[in-house]
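Note sheet for the following structure.
The values are calculated or read from the model by the stated rules, or taken from the named source; none is laboratory data. No experiment lies behind these values; they were computed from the predicted model shown. All Cβ positions, even for glycine, are placed from backbone atoms using ideal geometry, and neighbour counts span all protein chains on display. Remember, those area values only see protein heavy atoms, side chains included, never the ligands or the DNA or RNA. Shrake-Rupley method; radii C 1.70, N 1.55, O 1.52, S 1.80 Å.
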Amino acid sequence: MEQATRGRAHLERILLVCGMPNSGKSRLIRRMFADHRLGGDVPTRGPLRTRALSRERCLAGRLTSPHEAGETPMQFHQKIDDACATAWSDFWRICYVSAVQPKPRNSMPGIVDVCDGLKTEFLPERIRVVQLAPDQWGNAPSRLTDAEIDGLRRLDVEVLAIDARRSGFQAEPGNERILADFFDFS
């Protein structure tokens, strides 16, 4: 409720698609939007547009991880806060999806510290980290360590791994419906 009094939509859920560079994070996030619950169209370029999930709830996000963009945690938080402020004109609640990397890189910390910062700054109801293991090429460099998973569990962050290999199967080319399911409030 505090965010609402500040003129920002309440950040309800955060989905972090976690993988090393070129592991398929952005591809899966894009493909997630093919699900009819999220609009049914796959964005091909540019930033993700905010999408209504219900009359009071929307979904915003980004395809590039803050690690790859060279952002600091403060800059990453500011982009999320900006999305919350923008959403406020039409929505009470916002959900957010972002690509992230598991290990510290550039000015960003590793996944446990990223989630700790998000919990402290935004107090979301749920955070889910989806690790790509195997990644789109069938490799597993994005797999989280037991210590990272335990650190996320201590923060009450949901952790799961999906098979992100590219596939020719029309029904589920990469498990993107698993990502979309996180935003189904029916």
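Can you name every residue in region 2-33 that is modelled with pLDDT under 85 and either touching a helix residue (DSSP H, G or I) at 6+ places or on another chain (Cβ under 9 Å) or on the phi > 0 side of the Ramachandran plot (or both)?
Residues of region 2-33 modelled with pLDDT under 85: 2-6.
Across region 2-33, the qualifying residues are Gln3, Arg6.
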Checklist outcome for this item: Scanning region 23-47 residue by residue, the ones that are open to solvent by 10 Å² or more (accessible area, probe 1.4 Å), touching a residue at least 40 places away in the same chain (Cβ under 8 Å) and not charged (D, E, K, R) total 2
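Look through Glu12, Glu71, Glu56 and report the one residue that is open to solvent by less than 50 Å² (accessible area, probe 1.4 Å) and farther than 18 Å from Leu179 by Cβ. Give the steps one after another, and end with the answer.
Working: Glu12 fails: farther than 18 Å from Leu179 by Cβ; Glu56 fails: open to solvent by less than 50 Å² (accessible area, probe 1.4 Å).
Answer to the selection: Glu71.
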Checklist entry - Within region 124-157, restricting attention to residues that are open to solvent by less than 70 Å² (accessible area, probe 1.4 Å) and among the small types (Gly, Ala, Ser), which residue is nearest to Leu28 (Cα to Cα)? => result Ala133
Checklist entry - If you check Arg8, Arg30, which single one turns out to be farther than 19 Å from Arg128 by Cα and either in a loop (DSSP other than H, G, I, E, B) or out of contact with any strand residue (DSSP E or B) (no Cβ under 8 Å at 6 or more places or on another chain) (or both)? => result Arg8
Item to check | Pair list, Cβ under 6 Å, 6 or more apart: region 121-147 residue touching a residue at least 40 places away in the same chain (Cβ under 8 Å) and farther than 19 Å from Leu15 by Cα, other residue of a type outside the set (D, E, K, R) and open to solvent by 10 Å² or more (accessible area, probe 1.4 Å) | outcome: Pro141/Met20
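If you take the residues in region 75-112 that are β-branched (Val, Ile, Thr) and open to solvent by less than 10 Å² (accessible area, probe 1.4 Å), which one is nearest to the chain's Cα centre (by Cα)? Steps first, please.
As a first pass, look at region 75-112 and keep what is β-branched (Val, Ile, Thr): 80, 86, 94, 97, 100, 111-112.
Cutting the leftovers down to open to solvent by less than 10 Å² (accessible area, probe 1.4 Å) gives us 80, 94, 97, 100, 111.
Details: Ile80: 11, Ile94: 12, Val97: 3, Val100: 8, Ile111: 12 Å.
This residue is Val97.
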